[in-house]
1. Multiplying the sequence separation of R321 and T48 by 0.36 nm and subtracting their Cα-Cα distance, what value in nm do you get?
2. For helix 378-389, report the angle its Cα long axis makes with the longest principal axis of the Cα atoms of the chain; keep it between 0 and 90° and round to the nearest 10°.
3. Would you work out which of L368, T349, L304 lies farthest towards the positive end of the dipole of the range 258-389, given +1 charges on the beta-carbon of Lys and Arg and -1 on that of Asp and Glu, about the Cα centre?
4. If you count only protein heavy atoms and use a 1.4 Å probe, how large is the accessible surface of F47, to the nearest 10 Å²?
5. Which one, N267, N335, I382, projects farthest toward the positive side of the charge dipole computed for the range 258-389 from Cβ point charges (K/R +1, D/E -1)?
6. Using 1/(1 + (r/R0)^6) with R0 = 22 angstrom and r between the beta carbons of E296 and Y143, what's the FRET efficiency to the nearest 0.05?
7. To the nearest 20 debye, what charge dipole does the range 258-389 have about its Cα centre, counting +1 at the Cβ of each Lys and Arg and -1 at the Cβ of each Asp and Glu?
8. Calculate, for the range 258-389, the solvent-accessible area per residue in square angstrom, rolling a 1.4 angstrom probe over the heavy atoms of the protein chains.
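The values are calculated or read from the model by the stated rules, or taken from the named source; none is laboratory data. Computed from a predicted structure; not experimentally measured. Here the Cβ is made from the backbone with ideal geometry for all residues, glycine too, and neighbour counts use every protein chain on show. All accessible areas refer to the heavy atoms of the entire protein, side chains included, with ligands and DNA or RNA removed. Shrake-Rupley method; radii C 1.70, N 1.55, O 1.52, S 1.80 Å.
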Amino acid sequence: MENTEFGFETQAIRTQLNRSQYLEHSVPLYLTSSFVFEDAEDMRASFTEEKVRNIYSRFSNPNTTEFVEKICQMEGADDGCAFATGMAAVYSTFAALLNAGDHIVSVGSVFGSTHTLFTKYFPKWNITTSYFDINKPETIESYIQPNTKILFAESPTNPAVDIIDLELLGKIAKKHNLILIIDNCFATPYLQNPIKFGADLVVHSATKLIDGQGRVLGGVVVGNKQLVREIYLFSRNTGPAMSPFNAWVLSKSLETLAIRVEKHCENALKVAQFLETHPGVKQVKYPFLKSHPQYEVAKKQMKLGGNIVAFEIEGGIEKGRQFLDKIKFCSLSANLGDTRTIVTHPASTTHSKLSLEERLAVSITDGLVRVSVGLETIEDVIKDLRQALD
Ligand SMILES: *Cc1c(COP(=O)(O)O)cnc(C)c1O
């Protein structure tokens with residue numbers, strides 16, 4: 001069902017595999033590692049790709065195909081490929097498209113493991129990265145070199161919830177003939193579609209809001225057909241495929257993505273508004289608060305503000321740790337985008353290995369707390385945050 005006359009929710013719910021002979025209503029789980037051939041000719045034609053069909057679940061599987069098809073529709077993409085995790089999607093995308101000697105221009109505040117790829121592993125293959133400051137977009141072009149191939153960004157960023165103008169990135173990528181890749185994990189395809197602003201590829205960790213219930217890991221990349229083809233071939237031969245079980249879970253999750261994300265955003269805005277009134281809080285960052293430095297850009301490119309709120313507690317690292325210890329029912333966990341509200345203190349945990357200077361360069365101050373706002377009764381969440389702050 002590739003009909004664009006249908007709305008987002010209808011497509012998310014009604015896109016599905018052809019029914020089997022049993023005429024099931026809900027899509028079955030195709031938990032099989034391989035598929036059978038009619039005869040030698042069928043097998044030959046399948047391997048040369050004269051026939052498009054499932055051969056082996058490292059290459060493709062009906063459940064992953066359905067999941068990818070939905071994400072393509074949601075993002076307005078031609079084609080896509082699913083992976084075991086978000087990092088498998090990020091790594092495979094770069095590894096498939098880059099050659100030794102190529103250069104990446106990336107926003108400085110990227111997901112931790114993506115940062116490790118850029119700084120620890122890619123240099124082994126003489127692939128280098130230059131970082132630009134998300135709050136100085138006018139400097140981006142100065143980092144572009146003759147060997148730059150990819151422009152990469154996340155928006156909103158983790159954990160500081162900074163925003164970059166996707167339309168601007170699209171123009172820069174086009175002018176310099178770069179492949180623009182956006183990690184759209186924090187926004188989800190419901191809130192933001194980077195392809196509309198000129199992105200060639202969009203990557204997601206499906207582990208976060210796409211699953212939304214903290215159950216399975218997954219990743220996906222969608223976008224330009226030729227680029228996806230390169231990534232698919234890399235994946236097919238190196239093996240980071242998504243499991244059919246996870247694809248089945250995630251495709252079901254997409255049916256409720258719109259309604260879940262709407263509620264996450266409504267709750268997050270309430271939390272952000274509460275935090276702005278609390279005397280123990282120095283600064284609150286949420287894309288749809290007027291006080292956010294890139295409020296206008298956020299309004300232009302996002303439907304709602306997302307579910308992550310960042311705020312600065314007076315009193316630095318110690319106060320940040322004390323705040324976590326006082327939290328009663330919100331979870332202390334590394335995940336985000338779950339039905340359960342999760343609170344983290346990056347300076348003493350995920351980003352503790354960085355120097356103060358390195359942390360400040362990516363907007364992680366000592367007292368910064370990140371809240372992934374969940375779907376509990378929001379008054380209960382606010383009560384928990386309030387008593388911990390008090
Ligand atoms: C979590 C995350 C990833 C990695 O996804 P996994 O599924 O954990 O491998 C990549 N980018 C962003 C922005 C993330 O939040």
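1. Once the chain is fully extended between R321 and T48, it gains 92.5 nm.
2. Long axis of 378-389 versus the principal axis of the chain: about 50 degrees.
3. L304
4. Solvent-accessible area, nearest 10 Å²: 100 Å².
5. Farthest towards the positive pole: N267.
6. 0.35
7. 220 debye
8. About 46 Å² of surface per residue is accessible.
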